Structures are given as structure tokens and as C-alpha cells.
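Asks: This is the structure I want to talk about, given as C-alpha cells.
Each reported figure results from applying straightforward, stated rules to the coordinates on display, with no laboratory input. Being a predicted model, the structure only gives us computed values, none of them experimental. With ideal geometry, Cβ positions are generated from the backbone for all residues, glycine too; neighbour counts draw on all protein chains shown.
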Amino acid sequence: MDPATEETSDMAKSENLGLFLRIRPLLQSGVRGDRNPRFRRKSAFEPWFQKMCLRVKTSRSVTLSPPLALERGRTKTEVYDGFSQVFSPDSSQEEVYEKMMRPLVEDFLRGKSGMLAAFGPSGSGKTHTIFGCNSQSGMVPLALQQIFKETSDSTRSLFISIFEIRCEGGKEERVFDLSPNGVDLTMHRSTLKGLHEALLRRATSPTNANSQSSRSQCVINLRIVDDKSNGEVNDQANDGVLIIVDLAGAEREKGTGNQGVRLLESNFINKTSMVFCLCLRSLLEHQKNPMKPLEKHFQDSLLTKYLRDYMEGKKRMALILTVKAGGEDYHNTSCLLKQATPYMEIKFNNEPSKRRLSPSFVLKGYKEKLEVAEHEIQHLRESNLELEKELKDHKSQIEVQRLDDDQVAQEIQRLRESNLELETELKYLKSLIEVERLADDQVAEETQRLKESNLEPEKEVKDLKSLIDVQISGDDQWDDSVVEDLPNKNAISPSNEDNDRLARRRKGKKWSSLEEDTLRAGVEQYGVGRWKLILTSNRDIFGERTQVDLKDKWRNLTRQHTHH
Ligand SMILES: Nc1ncnc2c1ncn2[C@@H]1O[C@H](COP(=O)(O)OP(=O)(O)OP(=O)(O)O)[C@@H](O)[C@H]1O
């Protein structure tokens, strides 16, 4: 960016006029500012707070109430809101500086122009706020402290000028340079010719209203520029500046008791204040309705001529209204608030200052920029080389990685294929197992079927065997009904030896005498060989004994009988 426009690029923003309000502390009765005998008499009997017509409501608003003495028939309390900041009576100079002045000074150090004007009735604390006193430095000394502190090690130079506009004897307005060897100045358009940098010197003259009342408009002008040898040009009108104005306090003639010359001076002060207000009013109305022309009121006083750019809304401005809050100050305070609070709607365009810089300064700026750019290029080259090397490393790493990836992909493919094979094999084996299982089932079924079909022959064999046993049991004891069915009775008749063996085999439970008697009785009743009949007729006595048992027992009994 062109150095000539670089520093002003951030200024092209519209912003509202900063409107601050500072309430002066109430002073002891009889001290200037509280001179009205009507209020002084009353205040001696009233609590302190009852004398206050103005109170802080919030950090941005106040309430204005008519004092008790004026209250008859008027109980209206008004609220004035929207201030950038309200400073209560006990706020310190430092607090005012921090909240109001510091931002202006910081912008000024960045090359941004601005103006602060203190505006208010006589004795309300304008001079105290702007210049302060021995124990309480005001905005100017505090600003200078900050500026010197922040520019001490830089190549910038600070230019200070101070002048006042006054109207001696109520005659024509004149401008006085307040530097030690200062002279009268002339104003050409908005520029003062022959103004020097100066130390502070004010013209003051006592009045009833304020024993040190300022009878002039005092203007402090700070200008900061880059190293003179490189950047200074003759035309200073467009340099970034910080202007601080201590307006003379407007007075109500009734309250001051001014007469003669003092009255004429008071008229001048009131007129300047009026012109100042007219300029701002016209600017506000023009901004609200651009069809309304911006009146050229600035031409009506030297101060507004000098401040033309501000009066026309081209540069940023802040106002600090100073007021007294005593009962007797109600009218002055009320008038000021009514008049000035609408100004908070004024906007400033902050037109970029068109500083003209010397070619050598511009060249120096370009050279510096070139050096910085070359340094930057060198740095970029070096870091570029490093990046290239890094990139190369990364690429080779990626290549290795890519090869690895190929191998991994191949392996995966191989595994997939073998997996498929295994799956097929598994499938085949499963089908085999299934077949096997089915075959087993069939075998089991067949076995079961065979088992079942085998049961009948087994039974038959058993029956047959028992029949054979019966056959074997002897000729005379044989049950004829069974034997009749057999084809050859002798063929299956056992030998004596066999009979003994069988008898031994069948020897089980010992025969009771009841059983033996029943057997004898049965043989007697039914005859030998009718074992089945004898058995079934006496089942309760013989229990589980068989026909064969009966036959064996009978044989034993008869043998025993023969022996005897
Ligand atoms: N905030 C304050 N704290 C203490 N004293 C103050 C304060 N403001 C003003 N004063 C005192 O009130 C008196 C009047 O103040 P100052 O001279 O600053 O008023 P002014 O508005 O500049 O008056 P004029 O317009 O007549 O010059 C002075 O004695 C001053 O020290």
C-alpha cells in the first residue's frame, strides 16, 4: 500500500460524536458557583442532597430535577440518556482521562486526527478538566505525559502550539499565540499564520462568577510527525492533529452581574458558544435530512473557522459537558443538557487526511519496504528449500509404503483365494458328513427294526425251550396235554443224569411243608402229571414256582418215599 495513504485507511469509518458529561462537586457555600443569596440562605438549613438538581442514574444517564425552591407546581424529573460516559462529582482526573482522553491520544499516536472540546457554564469545571491544578493534572498534562512516554524512543516529533481567541473590550476577535515569544496571529481560511510551538500561558480575568474565569477560548494543538528530515513538508494543515479546546463558559447575565466591558466580553463568549452550537445543530439537521443545506455558521467566529473540518463533520470530535449540580444551577444545567444532548447523534466521516510527503520520505519508505521484502524472499527461499527436501523424503517414504502396500495387497489376494478353496473343501466335507449321518440314521433304524423283528423268534425259542424242558422232566410226570403235541416223546426224554443236573439247576427256594402237602393233595386230586392244573389251582401257595418245579419236587418226594 502507498505509504501516503496507508496510515489513514482505517479512518474511513463513520462514528458518532462522543458526548461525555462531568458533574462538578458541590463546593462549600459562598465559594464561587454558589453565590446566589436565595439558594445560599436556604442551603444553610437543608440537607446536602436536597440541593442537588442533577444525579447520576447510570454510567450513561442522569436525572435532572427542579430544586425544591423551584419545585412549586413543577415536579417533573427528566432523564438524559445515551452519554458516552457520565462522570460523577467524585470521579478523578485519572478516571476521566482513562475513559475519555486515552482513546483519543492512542488514535492520535496512530496518526488519527481528533478534537476534544470542553463546553459548559462558567465555573462548571472546564479549565479544571482540561488543565487541572497543581495536585490534579488535567487532560492536557496527562496526554502529554502519555505522548512523551510513547514517543521517547521513536523517530517521531511532537509539535505543540497553544493560542487563545478573545475579544478585548468587546471589540473584534483576535488570536494570541501563547508561546513565550508569541505574537498576534492572523487567520487565513482555517489556518493560523506564524503560530509557534509554545508552553502554556493563559489570559484570565476575574468576574463575580468565577474569580479565575476564562475570558477567552483556549486551543491546544498537538501534531505528531515522522522524522522531520524525511517527512516534513511545509503545509501542516493536513497533518494528523489532536486539538483540545477549553471554551469560555457561557454566562447568564443575570447571574454574573457583568457590566460595561465585562458585559461586552460576556457577549462575545456567549456569541462564540452560540455559533459553536449553531454549527453543530446545522450539521445534525443536515445529516438527518440531507436536503437541508449545511449552513456556513462556522464563518461567524474565529474559533469555528479554525475548527471548520470538525464543524462540518469531516473529522472526529468529542465533547465534554461540564455542569454544576446545585439547586441554583438548575437552569444553566437544564439549558445545556437540552441544547447539547442531541449532538450525540452527529456522525463523523473521518475523511482520510491527505498528507503530502516529501519524495525522499516516500523513497525511504519504499526502500525500507524493499529491504523487508528481500529479507522475506530470502527467508521464503530457505524455507522453500527445506520444504522441498522434506517433500522428497516424504515422497520416497510414500514409494516404500506403496511397494509395501502392493505386497500386502498380493498377500491378501492370495489368502482370499486359498480361503475360497478352503471354503469349498469345507463345504464338500460337510456334505460328506451329512451323507454319513443319514447313512448312520438308516443303519440305526434298520438295527431297531431288526431288533424288533427278532423279538418274536426269541420268544418262540424261549417257549420252545420251556416246552423242551417240560419234555425232559420224565415220562410219568409229563403233562399229557403238552406231550400229546410232541412228535416223538422218547427223542426228547432226558437221561437220569440229565434229570439230576436239571434238578440241581432248578433247586431254588426251599419247599415248605404246606407246599409239599398241597402238592401231594393236588396229585391225589388231579393225578400225576397234571402239574399245570395243580399249579394254577394253588397259585397263592406255590407263588412263582413252575410246573417243572412241581414235577421235580414230586419226583424227589416219591424217591424219598421209595428209599424209606
Ligand atoms: N472536578 C472538580 N474537582 C474539584 N474542583 C473542581 C472540579 N471542577 C471544578 N473545580 C473547581 O471549581 C472552580 C471552577 O472551575 P473551572 O475554573 O475549571 O471552571 P470553568 O468551567 O473553566 O469556568 P470558566 O468558564 O468561567 O473559566 C475551580 O476552583 C476549580 O478548581
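Asks: What distance in nm lies between label points placed 7 Å from Cα along the C-beta direction at Cys133 and Asn454?
Replies: 13.7 nm
Asks: Calculate, in nm to one decimal, what Cys335 and Lys99 gain on full extension: separation in residues at 0.36 nm each, minus their alpha carbon distance.
Replies: 82.4 nm
Asks: Do any of Lys57/Lys324; Lys288/Lys347; Lys459/Lys553 go past 18 Å between their Cα atoms, and which?
Replies: Working: Lys57/Lys324 16 Å; Lys288/Lys347 10 Å; Lys459/Lys553 27 Å.
In this structure, Lys459/Lys553 exceed 18 Å between Cα atoms.
Asks: Can you compute the modelled spin-label distance between Asn556 and Leu432, with each label point 7 Å from Cα toward Cβ, in nm?
Replies: 6.6 nm
Asks: Take the cross-link list Lys315/Lys338; Lys367/Lys392; Lys112/Lys367; Lys292/Lys338; Lys271/Lys314 and give me the ones stretching past 31 Å between alpha-carbons.
Replies: Values: Lys315/Lys338 24 Å; Lys367/Lys392 37 Å; Lys112/Lys367 25 Å; Lys292/Lys338 22 Å; Lys271/Lys314 24 Å.
Long pairs (Cα-Cα over 31 Å): Lys367/Lys392.
Asks: Order 398-409, 294-305, 538-549 from most to least packed using the mean count of other Cβ atoms within 10 Å.
Replies: Working: 398-409: 10.1, 294-305: 19.7, 538-549: 16.0.
Top to bottom by mean Cβ count within 10 Å: 294-305, 538-549, 398-409.
Asks: Oh, and also: Can you sort Cys279, Cys335, Cys133 by how many other beta carbons sit within 10 Å, fewest first? Working shown, then result.
Replies: Details: Cys279 26, Cys335 13, Cys133 10.
With the sparsest Cβ surroundings first, the list reads Cys133, Cys335, Cys279.
Asks: Moving to a separate point now. Given R₀ = 51 Å, what would the calculated FRET efficiency be for Leu422 paired with Glu390, taking r from the Cβ atoms and rounding to 0.05? Don't skip to the answer; put the middle values down first.
Replies: Values: r = 46 Å, r/R0 = 0.91.
So the FRET efficiency works out to roughly 0.65.
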